[in-house]
Amino acid sequence: MKGGKPILFCDFDGVLCYDRFWRSLPSHEYEKMQDALFRGNKEMVNEWMRGAYCAEEIVKIVSEKTGMPYERLWGVFIKDCECIFFDDSRSTCELFTKLGGTSYLVTKECNLPYHLGRIVEKNGI
């Protein structure tokens, strides 16, 4: 890229974080939720990660497909997101520090900037 900023492609799931949404549900409910949303619905999940659906819409869909109460699913989703574990290895943090405003960040997930902000804040970058 002549004369412009370099581009950093960054993936959240399996790179910066290995935690799962709704991971604190009991295992039988977690599996039910996984079947309803992630297994066989790759297109919808990709659309969610790109901003076509908001989290509330996804929770409503999962609630309707599983029969689990929306309020409970929403509460677990929020609680699990608030305590999500990030890879705060020095190499990841050092990379963001070195790049600091000198590159464009491109990601598939529309919610990644929020999570990256938490990494930056936590590590004083």
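The values are calculated or read from the model by the stated rules, or taken from the named source; none is laboratory data. What you are looking at is a predicted structure, and each value in this text was computed from that prediction instead of being measured. Note: ideal-geometry Cβ built from the backbone for every residue, glycine included; neighbour counts use all protein chains shown.
A Cβ distance below 8 Å, combined with a sequence gap of six or more or placement on separate chains, defines the contacts here; from segment 40-66, residues that are under 15 Å from Phe21 (Cα atoms) reach residues that are of a type in the set (Phe, Trp, Tyr) and at pLDDT 90 or above in the pairs Glu56/Trp74; Val59/Tyr70; Val59/Trp74; Lys60/Tyr70; Ser63/Tyr70. Residues in segment 44-79 that are of a type in the set (Gly, Ala, Ser) and modelled with pLDDT of 90 or more: Ser63, Gly67, Gly75.
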